[in-house]
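The values are calculated or read from the model by the stated rules, or taken from the named source; none is laboratory data. Only a predicted model underlies this, so the values are computations on that prediction, with no experimental measurement involved. Glycine also receives a Cβ, built like all others from the backbone with ideal geometry; neighbour counts cover every protein chain displayed. All accessible areas refer to the heavy atoms of the entire protein, side chains included, with ligands and DNA or RNA removed. Shrake-Rupley method; radii C 1.70, N 1.55, O 1.52, S 1.80 Å.
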Amino acid sequence: RGEYLQTIRHSGGHLLNLINDILDLSKIESGKLQPELVECSPHQVISETISMLRVKALEKSLKLEYRWATRVPVSVTTDASRLRQLMMNLIGNAIKFTKTGGIAVVASVENSGDDGSPALLHIDVIDTGVGIPKDKLNEIFEPFVQADTSVTRRFGGTGLGLAISQRFAEMLG
């Protein structure tokens with residue numbers, strides 16, 4: 001009986017994620033989703049995201065770490081919840097598609113803004129996973145598309161995470 005309940009819970013969670021992803025994508029594409037830009041700590045947003053995903057990584061015996069490649073600004077102006085969701089998608093994908101090794105999240109700030117231009121926060125997710133064939137790099141950012149048909153069968157997913165992440169990244173600059 002417990003096995004059935006676990007299957008129902010897992011399926012319900014998957015369905016809820018799918019519905020939320022579809023709603024987010026439709027809001028973005030209709031122009032109804034506007035970022036809520038506020039001052040927030042990039043260190044806190046990144047460390048909270050890593051903390052939430054660390055259990056998934058440990059379940060697969062993967063190393064999950066993050067580091068700053070440049071000085072850390074005390075705060076940045078961004079939509080913290082969308083940044084967190086974007087990182088959850090990217091780091092979650094890295095965990096899903098990595099069998100051995102690990103994932104490194106490397107953050108940096110480009111251009112200090114001293115010349116009047118805004119500083120940009122860069123977050124790279126680097127993993128030892130299966131990789132993406134070069135001829136599929138443009139396709140994977142389309143909704144409901146994955147690198148190949150076996151991806152859904154082997155790893156699961158809807159093909160919405162990268163489409164949403166790309167739109168959030170564009171929306172946040």
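Count the DSSP beta bridges whose two residues both fall in the chain, then state the antiparallel fraction as a percent rounded to the nearest 5.
Numbers: 11 of 17 bridges.
Around 65 percent antiparallel, to the nearest 5.
In nanometres, what is the gap between the two model label sites at GLN6 and HIS122, each 7 Å from Cα along Cα-to-Cβ?
4.3 nm
What does the accessible area per residue of the chain come to in Å², with a 1.4 Å probe and no ligands, DNA or RNA counted? Could the numbers behind the result be given before it?
Values: 11000 Å² over 173 residues.
Each residue of the chain exposes 64 Å² on average to a 1.4 Å probe.
Hey, can you list the DSSP H helices of the chain whose Cα span along the axis is 15 Å or longer and whose average Kyte-Doolittle score is at least 0.0?
Details: long enough: 2-29 (40 Å, -0.12); 42-59 (26 Å, 0.15); 80-96 (23 Å, 0.19); 161-172 (16 Å, 0.64).
Flagged H segments are 42-59, 80-96, 161-172.
When N counts the residues of segment 29-69, how does its alpha-carbon radius of gyration compare numerically with 2.2 N^0.38 Å, as a ratio? Intermediate values should be presented prior to the final figure.
Working: Rg = 14.8 Å, N = 41, 2.2 N^0.38 = 9.0 Å.
Computed over Cα atoms of segment 29-69, the ratio equals 1.64.
For THR70 and GLU142 in one chain, what is 0.36 nm times their gap in residues minus the Cα-Cα distance, to one decimal in nm?
Details: separation 72, 0.36 × 72 = 25.92 nm, distance 3.22 nm.
Result for the pair: 22.7 nm of gain on full extension.
Out of the total accessible area of the chain (probe 1.4 Å, heavy atoms of protein only), what percent is carbon and sulfur?
Reported share for carbon and sulfur atoms: 55 percent.
In the chain, how many lysine pairs have Cα atoms under 20 Å apart, counting only pairs 8 or more places apart or on different chains? Could you put the intermediate results ahead of the total?
Details: LYS56/LYS96; LYS56/LYS99; LYS60/LYS96; LYS60/LYS99; LYS63/LYS96; LYS63/LYS99; LYS96/LYS134; LYS96/LYS136.
Within the chain, the lysine pair count is 8.
For GLU29 and LEU58, what does the FRET efficiency come to when R0 = 30 Å and r is the distance between their Cβ atoms, rounded to the nearest 0.05? It would help to have the intermediate numbers written out before the result.
Details: r = 36 Å, r/R0 = 1.19.
For R0 = 30 Å, the calculated efficiency reads 0.25.
Stick to Cα atoms and the Kirkwood definition of Rh, then tell me Rg/Rh for segment 9-101. Don't skip to the answer; put the middle values down first.
On the way: Rg = 15.3 Å, Rh = 15.2 Å.
Using Cα coordinates only, the ratio equals 1.01.
Where does the chain land at 222 nm, in deg cm²/dmol rounded to the nearest 500, when only DSSP H runs of n ≥ 4 count, each adding -39500 (n - 2.57), divided by all residues?
Values: 5 runs with 82 residues, N = 173.
The helix-only estimate for the chain comes to -16000 deg cm²/dmol at 222 nm.
Please figure out what share of the DSSP beta bridges in segment 37-136 is antiparallel and state it in percent, rounded to the nearest 5.
Values: 11 of 17 bridges.
Of those bridges, close to 65 percent are antiparallel.
Let me know the volume per residue of the alpha-carbon convex hull for the chain, in Å³. Spell out each step's value before the answer.
Values: hull volume 24.2 nm³, N = 173.
So the per-residue hull volume is 140 Å³.
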